[in-house]
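Written out below as structure tokens is the structure these notes cover.
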Amino acid sequence: MKTLLLAAAALLIAAPVAAHEVWVEKDANGPARIYLGEPNEAVPAKGDPEFPKLQKPQLVGATGALTRRDNHIEAVVAGAGDVRVRDDAVFAPWVAGEGKQGAIFYARAGRAETSHQLDLELVPVAANGDSFTLMFRGKPLANAKLSIITPDRWQKHFTTDAEGRVTAPQLGAGRYLLSASHTEQVPAKLGGQDVASVMHISTLTFVR
């Protein structure tokens, strides 16, 4: 009974990580917007209940000023190009099995660049194309599960092929969001704590 209670508690602790993601939205002009929440739902005007935990997202490959708004963090990024963000301190590590697990969130807005800078990143095969390769530490991830959310919040799960590729369906104009995760069974230190494994969670948004 004690084992079952501990397992249930671990699931409750990990639930926000499983349900929540960090993503970036960037329009043609104006600043980027960094969100923490459930991307298949409308963002509340005052932010997701977990939004206060998004404290120090780091811009990757760019510099810019970050300003906290009611439901997102605004990033005025210097220069043009896709926007990338990394944050390894959103949720504190939780108990998973016999050890602890932590999470690192990655987010990218835009599909103009065919290069990658994040540990886990969806990279367009061709600039502004609809096919993407899921890369982990520079190598494609084959047979990996991911989800795609269309502008009308229709969501479907996909699996990358043997080359780590997936093609986003063309279902109208608007913003698309792709998300993927990969668990790495290696020891690391996150949030000042030693963890036995790391859950990498990555999103990509683009406007069609």
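The values are calculated or read from the model by the stated rules, or taken from the named source; none is laboratory data. Treat the numbers as computed from the prediction; the structure is a model and nothing was measured. In this analysis, Cβ positions are derived from the backbone assuming ideal geometry, glycine residues included, and neighbour counts consider all displayed protein chains. Quick note on the areas: whole protein, heavy atoms, side chains included, nothing else; ligands and nucleic acids left out. Shrake-Rupley method; radii C 1.70, N 1.55, O 1.52, S 1.80 Å.
A few notes on this one:
- Summed side-chain charge close to Leu54 - residues other than Leu54 whose Cβ falls under 10 Å, Lys, Arg +1, Asp, Glu -1: 0
- Cα long-axis angle, helix 2-19 against the chain (0 to 90 degrees, to the nearest 10): 10
- Members of Lys56/Lys156; Lys46/Lys189; Lys26/Lys56; Lys26/Lys100; Lys26/Lys189 lying beyond 28 Å, as alpha-carbon distances in this model show: Lys56/Lys156; Lys46/Lys189; Lys26/Lys100; Lys26/Lys189
- Within segment 147-190, chymotrypsin sites (Phe, Trp or Tyr not before Pro) in DSSP loop having at most 13 other beta-carbon neighbours inside 10 Å: Trp154
- Per residue accessible area in Å² of segment 15-172, where ligands, DNA and RNA are left out and the probe is 1.4 Å: 49
- Accessible surface of the chain, 1.4 Å probe, proportion on carbon and sulfur as whole %: 54
- Segment 140-208: radius of gyration and largest Cα-Cα distance (Dmax), Å: 14.9, 45
- GNM top mover of Gly192, Gly81, Gly61 - the chain, alpha-carbon springs below 10 Å: Gly192
- Counting only DSSP beta bridges with both residues in the chain, the antiparallel share comes to about 85 percent.
- For the chain, the 222 nm mean residue ellipticity estimated from helices alone, with every DSSP H stretch of n ≥ 4 adding -39500 (n - 2.57) and the total spread over all residues, rounds to -3000 deg cm²/dmol.
- Electrostatic tally near His116: other residues with Cβ closer than 14 Å to its Cβ, Lys and Arg +1, Asp and Glu -1, net +3.
- Convex hull volume of the C-alpha atoms in the chain, normalised per residue: 131 Å³.
- With K and R counted +1 and D and E -1, the other residues having a Cβ less than 14 Å from that of Gly99 yield a net charge of -1.
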